[in-house]
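J.: Below is the structure I would like to discuss, written out as structure tokens.
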Amino acid sequence: MEASNKIMEKDVGLCAMLTLVLLLAPATAAVLALPSEVGAAGSKAQYGGVVESGQTAADDTRASLSSLWSYSTVTEDRYDHTLHGDQHELLPYFQDHTNASNITAQLGSTAYLNCRVNRLRDKTVSWMRRDGDQIKLLTWGLHTYSNDARYSLNFEHPNNWKLQIKYTQRRDQGSYECQVSTHPPKVLSVNLNIVAPVVDIIDDRGSSVSEKFYKTGSTIELKCTISQMPQAQTFILWRHGDHMLNYDTSRGGISVKTDMSSSVIVSTLFIANATPKDSGNYTCSLGDVATGSVLVHVLNGEHPQAMHGSSRKDLCSLTLVLLLSSLTTLINLLR
């Protein structure tokens, strides 16, 4: 019986030793896998160092495991940062850092909405038109999906996905979005303003005029001003009725002078040696966008304003005579 108990105790002890070896095996492997500086410190402590009072092998093992855990955590953090940092840097981004821009275009002109995207790679650029709560797809990649033929994608190398709108109209004014197909999508907002030029024909004092009078033989001088023009224009046309005057050489004595040095363009029409045939409607126009007009009268004899003045004087004299006559008649009746 005692022999049997001794055998069992040996078996239990053997099992305990095997269990201890199995438990210490991972820790031993971890210590061996430590970086060189950690291993060097351990060797110094084991062979050349002095073990402090109270320090045990278990303490060394725990310290080694703690160092291994710290090293693994730092390495994992660096790897995670590197991985996600690279992913972040590889994402497309807009070259223009502002997330919104304003574009002003002239009525009837061609408007260009820029969208410069860097590092696009396999992503796609699209243009949307936002109208209240509704969003309309205009372009996707290089393809146009709008039913309005005035809209198209005009790609400009190397990275400008430019939306082109021809013959702009007032209804084109509003908000547009350039989107990149990331998750979530990157969005660049562009607000388009449509401005209509103001054309006006003025007199010598700068006031608007709709009718002018000239004597035969004098020089007709008509001055036209054009304001609110975001884009410089040179095709300012003068017409007499349906006849264009800018390049007229048949009559002679016609010249046009245009001053574009300021924000307000001034175009002046000169017609020398005016005759009654030069009477009629004159227009100053900026293409088909805006037009101003004036009615010109070329008369023989006295200037109409002087004639109108004489008529007013005669009318006042006649009124005074009638009033005095009525007053005299009333006095005679009262007698």
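J.: Is at least one residue of segment 152-163 open to solvent by 30 Å² or more (accessible area, probe 1.4 Å) and touching a Pro at 6+ places or on another chain (Cβ under 9 Å)?
T.: Looking for residues that are open to solvent by 30 Å² or more (accessible area, probe 1.4 Å) and touching a Pro at 6+ places or on another chain (Cβ under 9 Å), one finds none in segment 152-163, hence no.
J.: Sort through TRP127, TRP140, TRP69 and tell me the only one that's hydrophobic (A, V, I, L, M, F, W, C), open to solvent by 70 Å² or more (accessible area, probe 1.4 Å) and modelled with pLDDT of 95 or more. Show your work before the answer.
T.: Details: TRP127 fails: open to solvent by 70 Å² or more (accessible area, probe 1.4 Å); TRP69 fails: modelled with pLDDT of 95 or more.
TRP140 is the lone residue from the list that is hydrophobic (A, V, I, L, M, F, W, C), open to solvent by 70 Å² or more (accessible area, probe 1.4 Å) and modelled with pLDDT of 95 or more.
J.: Further question: Condition first: in contact with a strand residue (DSSP E or B) (Cβ under 8 Å, 6 or more places away or on another chain), under 18 Å from LEU269 (Cβ atoms) and exposed (fewer than 15 other Cβ atoms within 10 Å of the Cβ). Now tell me which residues in segment 228-245 satisfy that. Before the answer, list the steps.
T.: To start, the set of residues in segment 228-245 that are in contact with a strand residue (DSSP E or B) (Cβ under 8 Å, 6 or more places away or on another chain) comprises 228-231, 233-241, 244-245.
Keeping just the survivors that are under 18 Å from LEU269 (Cβ atoms) gives 233-241, 244-245.
THR234, PHE235, GLY241, MET244, listed by residue number.
J.: Which of (1) out of contact with any helix residue (DSSP H, G or I) (no Cβ under 6 Å at 6 or more places or on another chain); (2) under 20 Å from ALA111 (Cβ atoms) does ILE194 not meet, given it meets every other one?
T.: (1)
J.: For segment 180-189, what are the residues that are in contact (Cβ under 8 Å) with a residue 24 or more places away in the chain, surrounded by fewer than 20 Cβ atoms within 10 Å (Cβ to Cβ) and in contact with a strand residue (DSSP E or B) (Cβ under 6 Å, 6 or more places away or on another chain)?
T.: LYS186, VAL187, SER189 - these are the residues of segment 180-189 that are in contact (Cβ under 8 Å) with a residue 24 or more places away in the chain, surrounded by fewer than 20 Cβ atoms within 10 Å (Cβ to Cβ) and in contact with a strand residue (DSSP E or B) (Cβ under 6 Å, 6 or more places away or on another chain).
J.: Has segment 126-149 got any residue that is in contact with an Asp or Glu (Cβ under 6 Å, 6 or more places away or on another chain) and under 15 Å from GLN95 (Cα atoms)?
T.: No, because not a single residue in segment 126-149 is in contact with an Asp or Glu (Cβ under 6 Å, 6 or more places away or on another chain) and under 15 Å from GLN95 (Cα atoms).
J.: I've got another one for you. Residue under question is ILE226, and the condition is that it be touching a residue at least 40 places away in the same chain (Cβ under 8 Å) and under 21 Å from SER109 (Cα atoms); does it hold?
T.: Here the answer is yes, as ILE226 does meet what is asked.
J.: Does segment 173-184 include one or more residues that are under 20 Å from LEU91 (Cβ atoms) and of a type in the set (Asp, Glu)?
T.: Yes, the conditions are met somewhere in segment 173-184.
J.: Given the criteria touching a strand residue (DSSP E or B) at 6+ places or on another chain (Cβ under 8 Å), loosely packed, with under 15 Cβ neighbours inside 10 Å, under 30 Å from THR168 (Cα atoms) and without any contact (Cβ under 8 Å) to a residue 12 or more places away in the chain, does SER263 qualify?
T.: No, not satisfied.
The values are calculated or read from the model by the stated rules, or taken from the named source; none is laboratory data. Predicted model, so just to flag it, every value in this text is computed and none were measured. Using ideal geometry, Cβ is built from the backbone for each residue, glycine included, and neighbour counts are taken over all protein chains shown. Areas reflect the complete protein model, heavy atoms only, side chains present, ligands, DNA and RNA absent. Shrake-Rupley method; radii C 1.70, N 1.55, O 1.52, S 1.80 Å.
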